[in-house]
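The values are calculated or read from the model by the stated rules, or taken from the named source; none is laboratory data. All values derive from a computational prediction rather than experimental measurement. Every residue, glycine among them, receives a Cβ derived from its backbone with ideal geometry; neighbour counts consider all protein chains shown.
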Amino acid sequence: MYRTHNCGELRLTDAGKTVTLSGWIQRIRDLGGLLFIDLRDRYGVTQLFINPEQHNALYQQAKAYGREFVIQVIGKVSERSSRNPNMVTGDIEVIASDINLLNASITPPFTIEDDTDGGDDLRMQYRYLDIRRDPVRKNLLARHQVARAVREYMDGKGFVDVETPFLIKSTPEGARDFVVPSRLNEGQFYALPQSPQTFKQLLMVAGMDRYYQIVRCFRDEDLRADRQPEFTQIDCEMAFVDQEDVLNMFEGMVKHVFKSVRGINLSDFPRMSYADALKYYGNDKPDLRFGMQLIEITEIVKGRNFKVFDDAEYTAAIVAENCSEYTRKHLDELTEFVKRPQIGAGGLVYIRCATDGTYKSSVDKFYTQDDLKNIAAHCACKPGDLILILSGKQHKTRKAMSELRLEMGNRLGLRRKEDYKPLWVLDFPLLEWDEDDKRWNAMHHPFTSWKPEDESLMTDNPGAVRANAYDVVINGVELASGSIRIHNRAKQELMFRTIGLTDDEARYKFGFILNAFEYGAPPHGGIAFGFDRFCSIVTANLDYIRDFIAFPKNNAGRDVMLDAPSDIDLRLKNDLGLK
RNA sequence: GGUCUGGUAGUUUAGUUGGUUAGAAUGCUGCCCUGUCACGGCGGAGGUCGUGGGUUCGAGUCCCAUCCAGACCGCCA
């Protein structure tokens, strides 16, 4: 038997017991006449004690050990003569009477400690050492807890976990597919699923009624801190439901997970239309942890010969409370921020609302004190506040304003880690114009149904059609996205035609689902959560998911531990008909 | 496809206007140390300054190219 206890469970009440522990050497403290070893496993750290006067051979043996050696120790639990209140096992130590070396270790390339000296690159290359560190291990355990809570809730609501295939057919819509060459069908390829979308709909046609799966998805697109080429979704679908049913069911799931994993009671999710999200936050995933809404002032700033505002399609302001004392340096920084190519604003106009009731702006040449007072009143700006104004094309300016708002939120400490502000964003447009391909594209996916009252717009104004689509957003992060689906062949064909697929193409690419819709497809809808994101938000409220994935890829899609992707054997290439 | 930041000891990094032997911390290592827990004290080893080219009397430092890493834009239904 390698161990009778783990390294995190012994307490003062165990004093006197003879125990066997196995684990890794975290650190050795040799005081000459005394030697301490911190022994670590997944569960914690326990101090071992060796007194050379009693066990000189053991002392000589242990002295030669180094960090990360794997040992088994037999000894007696006893109260420490000087306790350590910072450790849960700090009241006791194990007085070693025998130690077996199970495996030696070379010196690790970085320290296995909470605050490691290792850079990201090294940590990824030696991920198996990184996972020995407490913070990383905790994240993986948290991920397990989130998954467990999800399954608990879904099972309780009668959802059935059904597996769907990974080797499927490439489709033209959406992200770029990862493909797998077929040996038995030379020259042809499987695609890895971007999501099990069509399968879950077919399971509804099949009468499974309530389906879910925690499932890997694959998209061959460029990566970000919060995006991996393979990632995990909580994929869900229900039959005989309308939008309200889906919203209630999955709001319940998010609340259950927060309660179960963190003990946090989320209040009911507010709902906001896509149009309002853009109007008030410049963004379809608003961070509601702070106000600072966008205020449109396009018309009231016109007519003062300030050409930028006079010519602008859209001008908007945000009010930063108690920032009127911002220095020239601060304002220059903000100007630089919005003028960065990624944001792309032409410039930044400010109005300081001084505490004495006067106004100072960067456009004093064009605007009188009364003009500025009028703008301030429109923005409900108080003395001591600072108004920041951007101007230009509506879409681009809203986007820039959204970035500026988030930046100010960061600077003012308004995006507090401990706050959680979820919401539903509703009524997304069904379609968006693809400038490159000169055609309409499904905004969510081409199986999304539309508001019946907007159906007449499908032909004359497709961009105005609203979808039965919804997102869960928490703290400015899109956590989940779903829709009520089309379940009728004619409507599905109309959708395909609208996004530029000919009937022949539609039949070739999606014939299976069109056919299925003719065999009594029930009304259905669902949602899919980004599971990795969910974990990072619930446990740490971070917009960084790699720490929640055991073996993630780097920003070029490489696995630096395996050094994948790699070349393959020539013979394998031949078998696959590749050159 | 594009923009930006970085690459100096095992690791994390400092390095001024281009100028003597590239400095520190940590890790490693030797000796000392009987209650440590980031133990402590004294000593030691450890560097092709990512790579290639160029400018210069002289390059870690300036220029060009390239590789790697990270962040972002495009992209991601």
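Output the number of residues of the range A:271-319 satisfying the condition of being in contact (Cβ under 8 Å) with a residue 24 or more places away in the chain and on the phi > 0 side of the Ramachandran plot.
Residues flagged as in contact (Cβ under 8 Å) with a residue 24 or more places away in the chain and on the phi > 0 side of the Ramachandran plot within the range A:271-319 amount to 3.
Taking the range A:540-550, which residues are away from RNA strand B (no atom under 13 Å from the Cβ) and either within 17 Å of A:ARG415 (Cβ to Cβ) or in a loop (DSSP other than H, G, I, E, B) (or both)?
Keep residues of the range A:540-550 that are away from RNA strand B (no atom under 13 Å from the Cβ), which gives A:540-541, A:548, A:550.
Listed by number, the residues that qualify are A:ALA540, A:ASN541, A:ALA550.
Of the numbered conditions (1) crowded, with 20+ Cβ neighbours inside 10 Å; (2) within 16 Å of RNA strand B (Cβ to nearest atom); (3) of a type in the set (D, E, K, R), A:ASP385 satisfies every one except a single condition; which is it?
In the conditions (1) crowded, with 20+ Cβ neighbours inside 10 Å; (2) within 16 Å of RNA strand B (Cβ to nearest atom); (3) of a type in the set (D, E, K, R), A:ASP385 misses (2) alone.
From the list A:ILE74, A:ILE106, exactly one residue is farther than 30 Å from A:ALA540 by Cα and within 10 Å of RNA strand B (Cβ to nearest atom). Which is it? Quick ask: steps written out before the conclusion?
Values: A:ILE74 fails: within 10 Å of RNA strand B (Cβ to nearest atom).
Going through A:ILE74, A:ILE106 in turn, just one is farther than 30 Å from A:ALA540 by Cα and within 10 Å of RNA strand B (Cβ to nearest atom): A:ILE106.
Hey, does the range A:517-527 have a residue that's charged (D, E, K, R), outside any helix (DSSP H, G or I) and within 31 Å of the chain's Cα centre (by Cα)?
First pass over the range A:517-527, keeping only residues charged (D, E, K, R): A:518.
Now narrow it down to the ones that are outside any helix (DSSP H, G or I): A:518.
Still in the list and also within 31 Å of the chain's Cα centre (by Cα): none.
No, the conditions are met nowhere in the range A:517-527.
Scanning the range A:142-168 for residues that are within 21 Å of A:ARG533 (Cα to Cα) and basic (Lys, Arg), which turns out surrounded by the fewest Cβ atoms within 10 Å (Cβ to Cβ)?
Applying the filter and picking the extreme gives A:ARG148.
Out of the residues in the range A:252-287 that are in a helix (DSSP H, G or I) and among the basic types (Lys, Arg), which is farthest from A:LEU423 (Cα to Cα)? Break it down into steps so the answer makes sense when it comes.
Let us first name the residues in the range A:252-287 that are in a helix (DSSP H, G or I), namely A:252-262, A:274-281.
Next cut, among the basic types (Lys, Arg) only: A:255, A:259, A:262, A:279.
On the way: A:LYS255: 12, A:LYS259: 17, A:ARG262: 19, A:LYS279: 16 Å.
Top of the filtered list is A:ARG262.
If we only count strands (runs of 3 or more DSSP E) wholly inside the range A:178-251, which ones have 3 or more residues that are more than 10 Å from RNA strand B (Cβ to nearest atom) and surrounded by 19 or more Cβ atoms within 10 Å (Cβ to Cβ)? Break it down stepwise before answering.
Values: elements: A:179-181, A:189-191, A:210-218, A:230-239.
Correct list: A:210-218, A:230-239.
Name the residue, out of A:ALA142, A:ALA175, A:ALA149, that is hydrophobic (A, V, I, L, M, F, W, C), assigned by TED's automatic domain parsing to the domain that holds A:GLN233 and either in a loop (DSSP other than H, G, I, E, B) or within 11 Å of RNA strand B (Cβ to nearest atom) (or both). Please lay out each step first, then the result.
Details: A:ALA142 fails: either in a loop (DSSP other than H, G, I, E, B) or within 11 Å of RNA strand B (Cβ to nearest atom) (or both); A:ALA149 fails: either in a loop (DSSP other than H, G, I, E, B) or within 11 Å of RNA strand B (Cβ to nearest atom) (or both).
Checking each option against the conditions leaves just A:ALA175.
This table checks each residue for (1) loosely packed, with under 14 Cβ neighbours inside 10 Å; (2) within 15 Å of RNA strand B (Cβ to nearest atom).
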{"position": "A:LEU479", "(1), (2)": "no, yes"}
{"position": "A:PHE517", "(1), (2)": "no, no"}
{"position": "A:ALA521", "(1), (2)": "no, no"}
{"position": "A:ALA528", "(1), (2)": "no, yes"}
{"position": "A:PHE531", "(1), (2)": "no, yes"}
{"position": "A:ASN554", "(1), (2)": "no, yes"}
{"position": "A:PRO565", "(1), (2)": "yes, yes"}
{"position": "A:ILE568", "(1), (2)": "yes, no"}
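Of the residues that sit in the range A:413-435 and are more than 16 Å from RNA strand B (Cβ to nearest atom) and outside any loop (DSSP other than H, G, I, E, B), which one is nearest to A:LYS259 (Cα to Cα)?
Quick first cut of the range A:413-435, residues more than 16 Å from RNA strand B (Cβ to nearest atom) only: A:413-414, A:416-424.
With the extra rule that they be outside any loop (DSSP other than H, G, I, E, B), the set shrinks to A:422-424.
Details: A:PRO422: 14, A:LEU423: 17, A:TRP424: 19 Å.
That would be A:PRO422.
Given the options A:GLU237, A:GLU244, A:GLU221, name the one that is among the acidic types (Asp, Glu) and under 17 Å from the mean Cα position of the chain (by Cα). Working first, answer last.
Numbers: A:GLU237 fails: under 17 Å from the mean Cα position of the chain (by Cα); A:GLU244 fails: under 17 Å from the mean Cα position of the chain (by Cα).
After ruling out the rest, the residue left standing is A:GLU221.
Considering every residue within the range A:5-14, establish whether at least one is near RNA strand B (Cβ under 9 Å from one of its atoms), exposed (fewer than 13 other Cβ atoms within 10 Å of the Cβ) and polar (S, T, N, Q). It would help to see each step written out before you state the result.
First pass over the range A:5-14, keeping only residues near RNA strand B (Cβ under 9 Å from one of its atoms): none.
The answer is no, given that none of the residues of the range A:5-14 is near RNA strand B (Cβ under 9 Å from one of its atoms), exposed (fewer than 13 other Cβ atoms within 10 Å of the Cβ) and polar (S, T, N, Q).
Select, from A:ASP434, A:ASP460, A:ASP419, the only residue that is surrounded by fewer than 17 Cβ atoms within 10 Å (Cβ to Cβ), within 22 Å of the chain's Cα centre (by Cα) and either β-branched (Val, Ile, Thr) or over 26 Å from A:ALA316 (Cα atoms) (or both). I'd like the intermediate steps shown before the answer.
Numbers: A:ASP434 fails: within 22 Å of the chain's Cα centre (by Cα); A:ASP460 fails: within 22 Å of the chain's Cα centre (by Cα).
Testing whether each residue is surrounded by fewer than 17 Cβ atoms within 10 Å (Cβ to Cβ), within 22 Å of the chain's Cα centre (by Cα) and either β-branched (Val, Ile, Thr) or over 26 Å from A:ALA316 (Cα atoms) (or both) leaves just A:ASP419.
Examine the range A:344-358 for a residue that is closer than 23 Å to A:LYS373 by Cα, among the charged types (D, E, K, R) and not assigned by TED's automatic domain parsing to the domain that holds A:SER536, and state whether such a residue exists. Steps first, please.
Looking only at the range A:344-358, we keep the residues that are closer than 23 Å to A:LYS373 by Cα, and these are A:347-358.
Still in the list and also among the charged types (D, E, K, R): A:352, A:356.
Pick out the ones that are also not assigned by TED's automatic domain parsing to the domain that holds A:SER536 and you get A:352, A:356.
Yes, some residue in the range A:344-358 is closer than 23 Å to A:LYS373 by Cα, among the charged types (D, E, K, R) and not assigned by TED's automatic domain parsing to the domain that holds A:SER536.
Can you find a residue in the range A:78-99 that is surrounded by fewer than 16 Cβ atoms within 10 Å (Cβ to Cβ), away from RNA strand B (no atom under 12 Å from the Cβ) and under 29 Å from A:THR13 (Cα atoms)?
yes
Only one of (1) within 22 Å of A:HIS256 (Cα to Cα); (2) more than 24 Å from the chain's Cα centre (by Cα); (3) within 16 Å of RNA strand B (Cβ to nearest atom) fails for A:GLY158. Which number is that?
A:GLY158 satisfies every listed condition except (3).
Would you tally the residues in the range A:15-53 being near RNA strand B (Cβ under 10 Å from one of its atoms), in a strand (DSSP E or B) and more than 16 Å from A:SER97 (Cβ to Cβ)?
Matching residues across the range A:15-53 total 8.
Would you mind stating whether A:ASN56 is of a type outside the set (Asp, Glu), more than 9 Å from RNA strand B (Cβ to nearest atom) and over 22 Å from A:ASP91 (Cβ atoms)?
On the way: of a type outside the set (Asp, Glu): yes; more than 9 Å from RNA strand B (Cβ to nearest atom): yes; over 22 Å from A:ASP91 (Cβ atoms): yes.
Answer is yes for this residue.
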